Amino acid sequence: MEMDSGLNRRDFLKYAAATGVLVASGEALNPGAMAEAATGFTEVDKLTIWILADNYYDTNEPDSNNITKRYRSVAGKSMSAQHGLSYYIETVVGGKTSACMFDFGLDPANVLNNIALLGLDIGKTNAFSLSHGHYDHYTGAISIIKQNQSKIAAGTPFYVGEEAFARRYTMRPGATEPTDIGQLSKEDIEALGVKVVETKTPTEIVPGAYVTGKIERVTSYEKVPASQQVKRGEKIESDIFPGEQAVIFNVKGKGLVVLSGCAHCGIVNTVKHAQKISGTEKVHAIMGGFHLIVAKPDLIQNTVADIKAMKPGHIVGTHCTGFRALVALSKEMPEAFTINTSGTKYTFTA
């Protein structure tokens, strides 16, 4: 029996025994459903995250906090920055290494350039995942998978949340009509030989890496701006991103690493949801886009205060976090703060 989710037979039987799930011999199983049967989060011995695409690159930015290794440019070989976000992730559990991608950036040529310079083999990817259906996160997917299609196992899962393939719009300042910002095609993705899997609940996509499922909204101040819109049926409506997902990990002896795409639903909501579903309060690192780039000062202040109260060991804002929020985070948590650059490799170990 093949385990498309990256779980081997032994792992699944362990989860089945723990949860009382009985499986008839030879019965076909949904990989996401198998993962959701697990009672506890798999701890990782080692977690490595490469930033394949982000808004900023500086070859002279020093490594920091003993977790980063930055790509250093040489003549003719430089990282590309863009208004997009993409990660390549490896987990090590019980001596076994598994890999997944989370988001794909805006400019596929630049992402592919960065992948080549970092010496990564996308053909080894065991699962793909998308945080939400915005073009700066999905546009690179088709080209990246297509270029590596001959090496990617047929049926490799491509995890998405609810409405990932909906058409989206934004109401830009001064505009009277929303701007169409496109949509990703499920058919185009599956034509490449991968299998789209929609998740609404926490799901282990490779050993030790979980998409969050629908993120619970618990803070009073984290609201999706009215400028974010989505087409449902024939109507263009406010988009509250019901299917937006983050990826979370529990590093053995260290705590949670929470990796967001844009955190439209709020980075504090995202971390609190990760704590709830994992049963782990301790936060080792909060990484990703925090979507504070156009936020008012009080929203930034509330967010920074709540993040500081969580006492993360590392805080790494990417992509849509925004300059003002990055400054506030660096001032309030100077020991934990790390400036992100494209091409940076982050390593967390037990």
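Remarks
- Charge dipole of the chain (Cα centre as origin; +1 on each Lys and Arg Cβ, -1 on each Asp and Glu Cβ, all else neutral): 620 debye, rounded to the nearest 20.
- Summed residue charge, Cβ within 15 Å of residue 56's Cβ, Lys/Arg positive, Asp/Glu negative: -3
- Atom-type composition of the exposed protein surface of the chain places 51 percent of the accessible area on carbon and sulfur (1.4 angstrom probe).
- Per-residue ellipticity at 222 nm from helix content only, as computed over the chain with -39500 (n - 2.57) for each DSSP H run of at least four residues, stands at -6500 deg cm²/dmol.
- Beyond 18 Å in Cα-Cα separation lie the following of the pairs 146/186; 223/308; 214/276; 186/231: 223/308.
- Sum of side-chain charges, residue 167 neighbourhood, beta-carbon under 13 Å (Lys, Arg +1; Asp, Glu -1): 0
- Listed peptides 163-172, 337-346, 40-49 by packing density, highest first (mean Cβ within 10 Å): 337-346, 40-49, 163-172
- For region 219-324, the per residue solvent-accessible surface stands at 39 Å², with DNA, RNA and ligands left out and a 1.4 Å probe.
The values are calculated or read from the model by the stated rules, or taken from the named source; none is laboratory data. Here the structure is a predicted model, which means the values were calculated and not measured. Reconstructed Cβ throughout: ideal geometry from the backbone, glycine too, with neighbour counts over all protein chains shown. To get the accessible areas, we keep the full protein, side chains included, count just its heavy atoms, and leave off ligands, DNA and RNA. Shrake-Rupley method; radii C 1.70, N 1.55, O 1.52, S 1.80 Å.
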